[in-house]
Structure formats: C-alpha cells, structure tokens
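Chemist: Take this structure first; my questions come after.
The values are calculated or read from the model by the stated rules, or taken from the named source; none is laboratory data. Small disclaimer: the values here were computed from a predicted structure and weren't measured. FYI the Cβ positions are ideal-geometry reconstructions off the backbone, even for glycines, and counts take in every protein chain you see. Quick note on the areas: whole protein, heavy atoms, side chains included, nothing else; ligands and nucleic acids left out. Shrake-Rupley method; radii C 1.70, N 1.55, O 1.52, S 1.80 Å.
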Amino acid sequence: MKSEILKISQISAGQSVVCIIGNDNIPERLNLSKSEKEYAQKQLKAKEEYTFINSYNKCTYLVRLKDGISHHKVREELRKTAYNLRKLIKGNNHSELVITSEESYKGAIEDFVEGLILSFYSFEKYKTQTDESEKLHYPARLLLQGKVADADIKWLVDLTDAVYFTRDLINEPVNHLNATALAGEIKRIGDSAGFSVEVLNKGKIEALKMGGLLAVNKGSVDPPVFCILEWRPANYVNKNPIVLVGKGIVYDTGGLNIKTGDFMAGMNGDMAGAAIVTGILHTAARTGIPLHIIGLIPSTDNRPGGNAYTQGDIITMYNKLTVEIGNTDAEGRLILADAISYASKYAPELIIDIATLTGSAAMTFGNQAIAVMTNADRKYINLLEECGNDVYERIAELPFWDEYGELLKSDISDLKNIGGREAGAIIAGKFLERFAEYPLIHMDIAGTEMLKKDDFYRLKNGPASGLRLLSTFLKKIAADYSK
Ligand code: BES
Ligand code: ZN
Ligand code: ZN
C-alpha cells in the first residue's frame, strides 16, 4: 500500500500539517499559539532542519529549507528531511497529513512528498507474525495545499507507483520470482498501465538463436524468457523509437565460477534493470509521454546446475558473433548483447541499457553515481546529467575509448566475455557496444542499486535507482521534440 495524494484548497482546524518554510517566519494560517510560535522560532534560529509541535488536537512539522547551496542540493535536502521525519510521522499515526509551503521554491511540496512516499515503502509481504501494535502507520492520505499543478501530482503518483512495484519486484527472492514469473508480472503491469507485452518463450528464443541468453540458461532447470514491451501512443513525436534494455538475471550465483564468501548475497536483485525498464514503460503509459518506446528484457537465472555453460565454451550470439567464455559470472553482458542486437530491427534513435553489471562500477563510484558510457550524440548525455541532478540519481561518465575494447580479443573466437582485471566496468560496456548497431548509452547501476543500508529515501536492497532518472529523461526528450 501507499499513501494517496490529493489536493486541497485550505487547511482546516485540527489538521496536522507539514509546512516548508524559506525563512524563520511562521505563517499565520498554521494557527499556532504564541508560545508554540516562540518555541518553533527558537528551534529554527538554531538552524534545525525541522521543528515538531505537538498541540492537543494536531501536529505541526516545520521544515526549513537549507540555504547557501545549489538548487539541486536544496531539493535533495528536502527529500532527505522527509526521510528523517518518516518515523516521527508514522509514530503519530495520522490518517491524513497536509503538506504545504511558504516562501519556498516552486516544486518544494512535490519534492518533499516524493521523499516521504519513497521513505514509507517497505517490503513486508512475507511477514506473517508481526503484531498490529508493533506496526507504525503512515498517513493514508497526503493532502497537498498550495500551487501544485494537477499534471505534476499525476506525474508524482504514477512515478512513485512505479518505484513501489519496481522495488517489490527487485526484493522478491528467486524462489518466488523466476524468469517465467517475472514475465507474468511484466504482462500484468503492462495490461494495467496500457502498454503491450509480448513474451517469447524458450522455443522462440531457440528459434531466434539467442545464444547468449540460452548459454546462461543452461545451468538452470527453469526456462528463459525474452519480453518485448512497447508503448506507442497515437501522438508519438519521435520517428524512430528509443529502445530500453534491462538486465533480467533473476538470480546470479555466478554459475560454475560460483560467487564465494558473501558475494552471492542480494543477487535476487540482479534483475533490477528489467524491473526498472518495466517501471519506466508504466510511467510513460500512465502519464502519456508522447514517445514510441520499446523495452527489451532478456531473463533467466545464472546457475551451475546440470549442463551449465563453462569456461572455454564458444557460443554464437544472436548477431552471429562468436564469444569465448572466460568467466560464467560475466553473464549479464551475454544476455544484454543478444537484446541489444535484437534492437536493430527497430532502427532505434537510441538504445539505453540499464544493468547491475559490474562490481567494478560499484568499486569506482560507490553508491553515489550511476556509471555511464556512451557513443551517442553528446546532447543525450548532457540531458541525462541534468536530469540526474534534478532527481538526484546522478551519473558519472567513464571513458569509452576503443583501446579498452582490445582487451576483449580472443585467440579462438571473435571476442571473449572478460578482459583483464582492470577497468572492468568499461570493458563490460565495450563488450555491449560490439553488439550495438545504433547509438548506445550504457548505464551500470551495480553501485547505486544493491544497497546494504538505506541511503536516506533510497532504501536498502533495491531502491530502483535510475527509474526516476530515465522517466524524467524521456519526458524531457518528448518536450524537446515538441519545441
Ligand atoms: N551481477 C554481477 C555484478 C554485481 C556485483 C552487481 C556486485 C552488484 C553487486 C555481475 O554479473 C558479475 O558477477 N560481474 C562480475 C564480472 C567479472 C566476472 C568480469 C564482477 O563484476 O565481478
Ligand atoms: Zn555475474
Ligand atoms: Zn549478474
């Protein structure tokens, strides 16, 4: 469940309120007593990020904007304050809570609400023993009071809905979500949001000779799937579609190069890219982004069972290139490569792949930046960077020089699936580029996606990192077309 978001015109007596303020002045319409105001003012002078006033019939939360920092930062601080307030708000058991603002920037209410909703998320469907009295309740309704456009509220509702189900999918363990079950969920989401979903089964994947996806699937008892998602509204403005490709490894054991120690933990989230692509299509369809968008999701688990593929195997990919397997744990690039070459049939304007691809990306940037590599026109990465700052899912670009690709040379096939020890994230990107006949943006979310603890409202396990970024990016691309 999730709080409902509604607009109201006025605050009524007795309603609990969060008010975002730009200075120390306390608005009259909050109806606080003289002593309550004095208390609040003292707290705000002490530069506390928020003040809480518990009157006998209502609660008031005053949130102060940070000053002296860039606008992106001000926005992010507001989302973070929402996270910091989440427990206090839940503890107060409001059935509804007003969010309003005074002397702050346009969009402040939306940013705060976004941070709050994303912080209220939890994954509890398998908890059967939790006592009702132990549960903290978030408000069923958030009532927005102020200058908020209906379209912006709709965007916020649809986007946060997507973040919720995307996180749910990421958090599902593999014994409840294998590749076939994932395809079923994607189909269900497509039906409800209004985009189409075609699911290719193993027979069809064999007929298409998707050698990468089939090789990774060999050690599994469950069949692979390949999902094709399409959003093609009547009013689309791009001549050629944008193709999104998401890594759908429902569990990565490493295969015969099995992950040792603690490295296997969390690998049910290795399909985050797939879930995120689904979330983006949902947001595009629900909000009506006027773009033709295709989503491609190759999916399987990576296991060492039975006839598992192994080091030294030479496989033939969908586009007929041959690949020598150097490591079965470098499986993501194999299934993505088939999807990226499959994208050619759409003659796309741009291909964007998103994947929990390499530990190397995580070692380089930690959890603060999505590693991005591209050979596409610079206008795309410039826009992506701007959107990244806006929603605070920031990107950092890695070089994409051809010399890095030379490390993938094989003596016995067209290329290998691993390079040397260094520059692992870049080499993985260069591998994918070999399969792209159209401009490519490659996004490695291994660092930002698999969090061991909450990074504020980017909650631990799968925060769905990149979903808000790419949804915003596509909305802006459509707007630029219409200019
Ligand atoms: N799914 C992993 C990447 C990963 C690692 C994601 C840690 C999130 C956290 C990927 O399939 C993988 O195992 N990559 C290997 C590649 C190597 C064998 C070239 C890696 O990064 O170690
Ligand atoms: Zn792996
Ligand atoms: Zn993987």
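Chemist: Please identify the pairs in which a residue from segment 84-95 that is among the hydrophobic types (A, V, I, L, M, F, W, C) has its Cβ atom under 8 Å from the Cβ atom of a residue that is buried (at least 16 other Cβ atoms within 10 Å of the Cβ) and assigned to a loop (DSSP other than H, G, I, E, B), counting only partners at least 6 apart or on another chain.
Modeler: 89/138; 89/139
Chemist: Would it be correct to say that residue 29 is closer than 26 Å to residue 454 by Cβ and either out of contact with any strand residue (DSSP E or B) (no Cβ under 9 Å at 6 or more places or on another chain) or of a type outside the set (S, T, N, Q) (or both)? It would help to see each step written out before you state the result.
Modeler: Details: closer than 26 Å to residue 454 by Cβ: no; either out of contact with any strand residue (DSSP E or B) (no Cβ under 9 Å at 6 or more places or on another chain) or of a type outside the set (S, T, N, Q) (or both): yes.
Criteria not met by residue 29.
Rundown of residues vs (1) more than 11 Å from ligand 3 (Cβ to nearest atom); (2) open to solvent by 10 Å² or more (accessible area, probe 1.4 Å); (3) farther than 23 Å from residue 171 by Cβ, yes/no style:
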{"residue": "276", "(1), (2), (3)": "yes, no, no"}
{"residue": "333", "(1), (2), (3)": "no, yes, yes"}
{"residue": "350", "(1), (2), (3)": "yes, no, yes"}
{"residue": "359", "(1), (2), (3)": "no, yes, no"}
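Chemist: Contact list please: Cβ distance under 6 Å, first residue in segment 37-62 and touching a residue at least 24 places away in the same chain (Cβ under 8 Å), second residue among the small types (Gly, Ala, Ser), pairs at least six apart or on different chains.
Modeler: 57/14; 58/14; 58/16; 59/16; 62/40
Chemist: Restricting the first residue to segment 236-255 and requiring it to be farther than 16 Å from residue 221 by Cβ and small (Gly, Ala, Ser), which pairs with a second residue that is near ligand 3 (Cβ under 10 Å from one of its atoms) and open to solvent by 10 Å² or more (accessible area, probe 1.4 Å) meet a Cβ separation below 8 Å and a spacing of at least six or different chains?
Modeler: From segment 236-255, the pairs are 254/329.
Chemist: Filtering segment 223-240 down to residues that are open to solvent by less than 10 Å² (accessible area, probe 1.4 Å) and either in a loop (DSSP other than H, G, I, E, B) or farther than 17 Å from residue 339 by Cα (or both), which residue is nearest to ligand 2 (Cβ to nearest atom)?
Modeler: Only one residue fits best here, namely 224.
Chemist: Go through (1) within 15 Å of ligand 1 (Cβ to nearest atom); (2) over 18 Å from residue 465 (Cα atoms); (3) open to solvent by 40 Å² or more (accessible area, probe 1.4 Å) and name the single condition residue 337 misses.
Modeler: The single condition residue 337 does not satisfy is (3).
Chemist: Return the residues of segment 374-401 that are of a type in the set (A, V, I, L, M, F, W, C) and either within 26 Å of residue 268 (Cβ to Cβ) or more than 16 Å from ligand 1 (Cβ to nearest atom) (or both); say none if nothing qualifies. If you could, list the steps in order and put the result at the bottom.
Modeler: So the first thing to find is which residues in segment 374-401 are of a type in the set (A, V, I, L, M, F, W, C), and the list is 376, 381, 383-384, 387, 391, 395-396, 398, 400-401.
Scanning segment 374-401 gives 376, 381, 383, 384, 387, 391, 395, 396, 400, 401.
Chemist: Additional query: Of the residues that make up segment 67-78, is at least one touching a helix residue (DSSP H, G or I) at 6+ places or on another chain (Cβ under 7 Å), closer than 24 Å to residue 152 by Cβ and surrounded by 18 or more Cβ atoms within 10 Å (Cβ to Cβ)? I'd like the intermediate steps shown before the answer.
Modeler: Start the filter on segment 67-78 by keeping residues that are touching a helix residue (DSSP H, G or I) at 6+ places or on another chain (Cβ under 7 Å), which leaves 72, 75, 78.
Of the ones still in play, those that are also closer than 24 Å to residue 152 by Cβ are 72, 75, 78.
Right, trim to surrounded by 18 or more Cβ atoms within 10 Å (Cβ to Cβ) and you get 75, 78.
Yes, some residue in segment 67-78 is touching a helix residue (DSSP H, G or I) at 6+ places or on another chain (Cβ under 7 Å), closer than 24 Å to residue 152 by Cβ and surrounded by 18 or more Cβ atoms within 10 Å (Cβ to Cβ).
Chemist: Here's something else I'd like to know. Answer with yes or no whether residue 293 is of a type in the set (A, V, I, L, M, F, W, C), open to solvent by less than 10 Å² (accessible area, probe 1.4 Å), within 15 Å of ligand 3 (Cβ to nearest atom) and under 28 Å from residue 276 (Cα atoms). Give the steps one after another, and end with the answer.
Modeler: On the way: of a type in the set (A, V, I, L, M, F, W, C): yes; open to solvent by less than 10 Å² (accessible area, probe 1.4 Å): yes; within 15 Å of ligand 3 (Cβ to nearest atom): no; under 28 Å from residue 276 (Cα atoms): yes.
Against the criterion (of a type in the set (A, V, I, L, M, F, W, C), open to solvent by less than 10 Å² (accessible area, probe 1.4 Å), within 15 Å of ligand 3 (Cβ to nearest atom) and under 28 Å from residue 276 (Cα atoms)), residue 293 does not qualify.
Chemist: Follow-up. Go through (1) touching a residue at least 12 places away in the same chain (Cβ under 8 Å); (2) within 16 Å of ligand 2 (Cβ to nearest atom) and name the single condition residue 279 misses.
Modeler: With (1) touching a residue at least 12 places away in the same chain (Cβ under 8 Å); (2) within 16 Å of ligand 2 (Cβ to nearest atom) applied to residue 279, the lone miss is (2).
Chemist: Are there any pairs with C-beta distances below 7 angstrom linking a residue in segment 428-444 that is at pLDDT 95 or above to a residue that is open to solvent by 10 Å² or more (accessible area, probe 1.4 Å) and assigned to a strand (DSSP E or B), with the two at least 6 apart or on different chains, and if so which?
Modeler: Between residues of segment 428-444 that are at pLDDT 95 or above and residues that are open to solvent by 10 Å² or more (accessible area, probe 1.4 Å) and assigned to a strand (DSSP E or B), the close pairs are 440/374; 441/374; 442/374.
Chemist: Something else about it: Scan segment 467-481 and tell me whether some residue there is surrounded by 22 or more Cβ atoms within 10 Å (Cβ to Cβ) and within 16 Å of ligand 1 (Cβ to nearest atom).
Modeler: No.
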